[in-house]
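The next block holds one structure in the form of C-alpha cells; read it before the comments.
The values are calculated or read from the model by the stated rules, or taken from the named source; none is laboratory data. What you are looking at is a predicted structure, and each value in this text was computed from that prediction instead of being measured. Cβ: placed from backbone, ideal geometry, glycine included. Neighbour counts: every protein chain shown. Side chains are part of the model used for accessible areas, which takes the heavy atoms of the whole protein and leaves out ligands, DNA and RNA. Shrake-Rupley method; radii C 1.70, N 1.55, O 1.52, S 1.80 Å.
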Amino acid sequence: MTRSLRSLHLLVPGLLGPLPALQRLGTLPDVSQLETCLARAAVADVAGRDLETTLCALFGIACGEWGGLPLAPLRLAGQGGQAEGGFWIQATPVCLRPDRDRLLLFDTRDIELPMADARELADGVCSHFSDLGWRLQLTTPHDWFMGMDTPPRIETCSLGDAFGRNIDQFLPKGEEALHWHGLLNEIQMLFHAAQTNQRREQRGEPTLSGVWFHGGGFLPRKVAAPFTRVWAGEALARGLAVQASITHTATLPDAEAVTAEAGEQLIVYDLLQRPVWRADPFDWCEGVAEFSAWLTGLVRAVGSGRLDELRLYPCNGRVYTLTAASLRRFWRRRLPLLSRLDEHRQRGISRTE
C-alpha cells in the first residue's frame, strides 16, 4: 500500500523583516538551522505580500466588488462571532501618539484593556451613531467588528501597514473618503470626552484615541483548500478553516503531532510579526532564535522521510520548499540571515483591504 503524502505549509510573517533597525545590532543569534534550510530549499514566487494576502491566496479568496479582501467577516467567524448577513468591517480600537507635527497609530494589544472598558467605549459609539444602524460585536477587548447593511464606498489600509506610522498617509480613500474621515474624527472626539478614558487617565493608564476601520467585506460562502488541518491561533486563518470546514487547532504543534497525520497541513507561526510592526530588533532576534530551534524538529522529520515536504512562506511573495533531496544539497552555501531580510526595505503603504 502506498503511503499518503505528508506535506506542511508553514506561514511565518515577519521572518524576513523588513526590519531596518537590525543594522544597528552588532550580531544576530545563532540561527544556523534556519539559514541552512533557506540555502538548500527550492525558491519560487507565490501570490501574497503579507500574512493576509498569502492566506487568502492559499484559500482561493479574491477581492470583492468593494475592492478589498473580506478579512473582517473571516476574522469574526474565526473568533466565534456571527459574521453572516450584511457587510462587516473591523473597527480596531487604537491609540494615537503625537510625534512632532504628526500622529502615529498603534493598536491596543500592548496595553491592558479590560473588556469592561472596551465595552463601555463601544456602546458609546453605537449610541452616538444609532441613526446609522451599525451593529457592533466585540470578540475580545482588542477586536471590534462593525456590521452595516450597505458597503461603504471607500478603500481602507490594513492595520499592519499603518501601525506605528503617520495616520494621514493611511486614511480611507474613495468616493466617500471625506465622510469617513469625519466619522473617524467624530469618534476621536467621543473617546476624548468618554468617562472611561477619564478614569483610565486618572489611574495613569493609556487612553484610547479612536478606532481604525479596515478589512471590510461580506463573508464568503464558498471557501476551499486542500488542507486536512490548520494549526493557528490567528483569527483569519481560523476563520478560513471554519468556512472551508477544515479541522483547526489553536496550539502550535511539534513535529510528532504534524507527522501523525497524512495529507496537507497548514501552520501559521505569527510570533515574529509584531516585533516587525514595532520595529523592535531585540524582540525579533529573540523570536527568530526560538523559531529556528522549533523548526529543527520539522527539518529532522523531512530528512527522515516522516514529512515529505515543508513549504516555508515568509509572506513576502516567495515560498521555500524543502524535501529530503534538497536537504542533501550540501554544496549550497549558507548565507547569513541578515543578508536575506527583504533588503531592509520599509513597510509599504500601497496595500488596501
Condition met for residue 134 (of a type in the set (Phe, Trp, Tyr) and modelled with pLDDT under 95): yes
Residue 204: buried (at least 17 other Cβ atoms within 10 Å of the Cβ), farther than 30 Å from residue 13 by Cβ, out of contact with any Asp or Glu (no Cβ under 9 Å at 6 or more places or on another chain) and modelled with pLDDT of 95 or more, yes or no? no
Of the residues 228, 196, which single one is among the polar types (S, T, N, Q), at pLDDT 95 or above and assigned to a helix (DSSP H, G or I)? 196
Collect the residues in region 118-134 that are out of contact with any Asp or Glu (no Cβ under 9 Å at 6 or more places or on another chain), farther than 15 Å from residue 212 by Cβ and not small (Gly, Ala, Ser), keeping them in residue-number order. 119, 120, 123, 126, 131, 132, 134
Could you list all residues from region 169-183 that are at pLDDT 95 or above, surrounded by fewer than 20 Cβ atoms within 10 Å (Cβ to Cβ) and part of a helix (DSSP H, G or I)? 177, 178, 179, 180, 181, 182, 183
In region 284-298, residues that are farther than 15 Å from residue 252 by Cα and open to solvent by less than 10 Å² (accessible area, probe 1.4 Å) total 2
Considering region 218-276 alone, what residues qualify as being small (Gly, Ala, Ser), touching a helix residue (DSSP H, G or I) at 6+ places or on another chain (Cβ under 8 Å) and open to solvent by 40 Å² or more (accessible area, probe 1.4 Å)? 250
Is at least one residue of region 214-223 outside any strand (DSSP E or B) and free of Cβ contacts under 8 Å to residues at least 24 places away in the same chain? yes
Under 6 Å between Cβ atoms, which residue pairs at least 6 apart in sequence (or on different chains) link something in region 140-154 that is under 9 Å from residue 216 (Cβ atoms) with a partner that is of a type in the set (Asp, Glu)? 152/176; 154/176
Here the residues within region 199-213 that are of a type in the set (Lys, Arg) and not in a loop (DSSP other than H, G, I, E, B) are 199, 200
